[in-house]
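Heads up, the thing below is written out as structure tokens.
The values are calculated or read from the model by the stated rules, or taken from the named source; none is laboratory data. This is a predicted model, so every value here is computed, not measured. Here the Cβ positions follow ideal geometry from the backbone for every residue, glycine too, while neighbour counts run over all protein chains shown.
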Amino acid sequence: MANDDAVTLAAVGPWLRALRQQRGTTLTQLAETTGISVSTLSRLESGGRKPTLELLVPLARAHEVSLDELVGTPATQDPRVHPRPIVRNGDTFLPLTRRPGGVQAFKQILRATALTGDPPQKTHEGYEWLYVLSGRIRLLLGEHDLILTAGEVAEFDTRVPHAVVNPGPGTAEILNLYGPQGERIHVRARPTVR
């Protein structure tokens, strides 16, 4: 196998993990959707199992991406990224990177959410950086409850329980970078006034 092919295949696992985490799906939920066992999915994501066409086809379908996107094959040598919107629960995610593995960038357009009480906080492996382009974002991070506005940045270890919602009014737009596990939490925002 050519070295480029080996690098491409090695990057599929981290890309599969990033796609699954970005959608907030557990391995168990993905196993139910695809018919692939949790252990096989886990080994694929960690690089312990090589991806095969039989595994990639149902995963591409579940993640609503093409096989080319799953293995990072660019359509042309054109460097521009042509994001395909992914809509989940009324929010829009635009993938801004096309290479699997490493740091993944997304633009998110979040609708205003009327909440009674605090949203559930989730944890997962990884590290997240977000930048508020417009609107307001409520970031619950462990015991922190913060409002971020345009121009503010938050950076945190996603093993800390967290939730990101738009308290309104109007839509909010953010840039997200998801990357390798971080060692420290850095949050730069004004605390919520209660």
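Tabulated values for the structure
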| item | result |
| --- | --- |
| All positions within segment 89-126 that are modelled with pLDDT of 75 or more and either under 24 Å from P51 (Cβ atoms) or in contact with a helix residue (DSSP H, G or I) (Cβ under 6 Å, 6 or more places away or on another chain) (or both) | F93, P95, L96, T97, V103, Q104, A105, F106, H124, E125, G126 |
| Residue match in segment 152-159 (condition: closer than 26 Å to E64 by Cα and either out of contact with any Ser or Thr (no Cβ under 8 Å at 6 or more places or on another chain) or surrounded by 15 or more Cβ atoms within 10 Å (Cβ to Cβ) (or both)) | yes |
| Meets criteria (crowded, with 16+ Cβ neighbours inside 10 Å, out of contact with any Pro (no Cβ under 6 Å at 6 or more places or on another chain), free of Cβ contacts under 8 Å to residues at least 24 places away in the same chain and of a type outside the set (G, A, S)) for L55 | yes |
| Subset tally (residues that are over 14 Å from P167 (Cα atoms) and surrounded by 15 or more Cβ atoms within 10 Å (Cβ to Cβ)) for segment 134-150 | 2 |
| Verdict on A150 being over 30 Å from G47 (Cα atoms) and touching a strand residue (DSSP E or B) at 6+ places or on another chain (Cβ under 6 Å) | yes |
| Residue ID - surrounded by the fewest Cβ atoms within 10 Å (Cβ to Cβ), chosen from residues in segment 1-41 that are on the phi < 0 side of the Ramachandran plot, part of a loop (DSSP other than H, G, I, E, B) and modelled with pLDDT of 90 or more | S37 |
